[in-house]
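> Got a structure for you, questions after.
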Amino acid sequence: MRALAHRRLPRFVVDYLEGGAGRGLTLARNRAALDAIALVPRTLRDVSEVSLATRLFGLAMAAPLMIAPTGVAGLLRPGADVMLARAAARLGLPFVLSAASNVPVEDVAAQGGLVWMQVYPLRDREATRRLVARATKAGCVGIVLTVDTPVAGVRHWEARHFTPAGRPRLRTRLDALRHPAWLMATLRHGPPRFPNIGLDVTGLDERAERKAINEGKDPAFTFDDLAILRDACAGRLVVKGLAAPEDVERIAALGADGAIISNHGGRQLDGMVSTVEALPACLQAAGAMPLMLDGGIRDGVDVAKVLALGAKAVLVGRVPLYGLAAAGEDGVAHALSLLTKELDRVLALVGCRDVTGLDRRVLSGRCGSDRDSCLRLGRPGTGGRAASAPC
């Protein structure tokens with residue numbers, strides 16, 4: 001599906017889908033940290049029936065998987081947000097709608113299933129509160145507040161494709177002509193717009209609207225402001241974009257319902273810790289508050305490793321987007337089905353009948369147990385790579 005997506009999309013959209021910040025160090029580190037973890041199968045157990053079902057925040061889920069929020073998903077395929085929501089609902093999985101999505105939240109929530117609304121801290125605090133209220137009224141099951149984007153990360157691939165004014169460079173335009181199916185669909189539906197962000201962008205064209213949204217994020221948003229938003233948000237509130245245990249501890253003290261350990265898929269701060277490396281210390285700091293994780297997840301083995309470390313659910317971004325770009329709603333459903341089938345098989349092979357039974361006992365050595373664990377990367381003698389047999 002990844003290969004099909006790459007063939008259908010012009011290069012600048014592929015770079016948007018796959019790219020990270022800076023030199024891509026965080027992007028690579030997410031994968032290396034997951035690959036450094038080893039599973040230990042337990043045998044001679046009855047695994048004739050395996051269950052992936054779980055509950056989180058009082059919500060029943062077919063598996064501990066969620067679709068992560070992706071801004072401008074309509075760039076991959078018009079109507080993307082509805083397709084993602086429908087596919088997730090078909091499989092009984094939650095979908096997190098981005099504030100920078102291209103379909104009104106009311107239309108997405110009407111598809112049924114477990115739809116969460118992701119929001120950004122905006123300079124216009126009232127705009128943030130309006131979006132929270134609007135999402136709640138539409139039937140969203142909770143709010144995901146993303147806090148790791150006070151400013152945009154350094155993304156060199158954007159400069160390769162766009163001028164400082166945001167206009168496509170000549171080679172980018174010529175490449176788009178080489179992908180007629182994508183181009184015709186985009187021209188037929190027009191450039192993606194942003195009906196959910198909550199800012200007043202009346203009269204702005206698409207480029208000016210995107211610029212206003214980027215500049216509308218609030219770099220002065222603090223824990224004090226989060227406390228105010230927590231009081232104003234009557235429903236479930238999850239904070240996304242944490243990696244430091246001290247931040248997790250403060251989030252829990254302020255009454256957040258949960259947190260997502262995330263580095264924005266490697267798209268914000270280059271050279272930062274991977275989410276899997278950050279998870280163990282954050283779990284200790286979280287207390288009873290459940291933690292989820294995203295970053296680098298590509299198959300059911302990755303999902304099993306993260307759950308065994310202690311996360312309650314895993315968010316996937318690029319994997320369902322490969323399916324979306326390749327085959328629309330059915331492609332998303334197929335991608336998610338592959339993940340759940342793989343996870344089901346991994347459970348059986350490590351000797352677990354229930355996904356909630358996954359814990360560190362299926363991990364080799366002291367994986368994830370402390371700062372000297374097998375998750376260290378770039379130790380002497382490895383040439384900067386993850387150790388192949390770290391435990």
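Where a number appears in this text, it was derived from the coordinates with a stated rule and is not lab data. None of these values were measured; they are calculated from a predicted model. Note that we place each Cβ from the backbone using ideal geometry, even for glycine, and neighbour counts take in every protein chain shown.
> With the cut-off at 21 Å, report for segment 177-255 the share of all Cα pairs above it, as a whole percent. Walk me through the numbers on the way to the answer.
On the way: 1683 of 3081 pairs.
That fraction is 55 percent.
> Sticking with this one: Mind ordering 41-48, 63-70, 146-153 by average Cβ neighbours within 10 Å, highest first?
Highest mean packing first, the order is 63-70, 146-153, 41-48.
> Of the listed peptides 74-84, 252-262, 51-61, what is their order by residue-averaged count of other C-beta atoms within 10 Å, with the highest listed first?
74-84, 252-262, 51-61
> Need one number: the % of Cα-Cα pairs in segment 16-81 sitting beyond the 14 Å mark. Provide the component values of the computation, followed by the final result.
Values: 1678 of 2145 pairs.
Here the long-distance tail beyond 14 Å is 78 percent of all Cα pairs in segment 16-81.
> Taking square-rooted eigenvalues a ≥ b ≥ c of the alpha carbon gyration tensor, is segment 1-122 rounded, prolate or oblate, where a/c under 1.5 means rounded and, failing that, a/b exceeding b/c means prolate?
Details: a/c = 1.90, a/b = 1.19, b/c = 1.61.
Judged from the Cα gyration tensor, segment 1-122 comes out oblate (a/c at least 1.5, b/c at or above a/b).
> Please work out how much length the chain gains when fully extended from A53 to A185, using 0.36 nm per residue of separation minus the C-alpha to C-alpha distance, in nm with one decimal.
Gain in length upon complete extension: 43.8 nm.
> Given the Cα atoms of segment 110-212, and with Rh set as the inverse mean 1/r over their pairs in the Kirkwood sense, what is Rg to Rh to two decimals?
1.03
> If you don't mind, another one. Which residue, A99, A286, V350, has the largest displacement toward the positive end of the dipole of the chain when charges sit on each Cβ (Lys, Arg +1; Asp, Glu -1)?
Final value for the positive-end residue is V350.
> Now, a different point. For the chain, max minus min Cα coordinate along each principal axis, in Å, sorted largest first?
Reported extents, whole Å, longest axis first: 64, 49, 43.
> Would you compute, from DSSP H runs of 4+ residues alone, the mean residue ellipticity of the chain at 222 nm, taking -39500 (n - 2.57) per run and dividing by the full residue count, rounded to the nearest 500? Each step should come with its number before you reach the end.
Numbers: 15 runs with 166 residues, N = 391.
Helix contribution divided over all residues of the chain: -13000 deg cm²/dmol.
> Let me ask you something else. Would you mind working out the magnitude of the charge dipole of the chain relative to its Cα centre, with +1 at each Lys and Arg C-beta and -1 at each Asp and Glu C-beta, to the nearest 20 Debye?
Computed about the Cα centre, the dipole is about 1100 debye.
> Next question. Output the peptides 343-355, 182-194, 159-171 sorted from most to least packed, where packing is the average of other Cβ atoms within 10 Å over each peptide's residues.
On the way: 343-355: 19.4, 182-194: 15.1, 159-171: 11.9.
Going by the mean number of other Cβ atoms within 10 Å, highest first, we get 343-355, 182-194, 159-171.
> Could you please state, rounded to a whole Å, how far the C-alpha centre of segment 82-118 is from the C-alpha centre of segment 7-33?
Centre-to-centre (Cα) distance: 24 Å.
> With unit charges on the beta carbon (Lys/Arg positive, Asp/Glu negative), name the residue among A335, A68, H156 whose Cα is farthest towards the positive pole of the charge dipole of the chain.
Of the options given, the answer is H156.
> Sticking with this structure for a sec: State, to one decimal in nm, how far the label point of A38 lies from the label point of F223, with both points 7 Å from Cα in the Cβ direction.
4.0
> Shifting gears a bit: Let me spell out the model: positive unit charges on the Cβ of Lys and Arg, negative unit charges on the Cβ of Asp and Glu, origin at the Cα centre of segment 16-68. What dipole size does that give, in debye rounded to 20?
Here the size comes out at about 200 debye.
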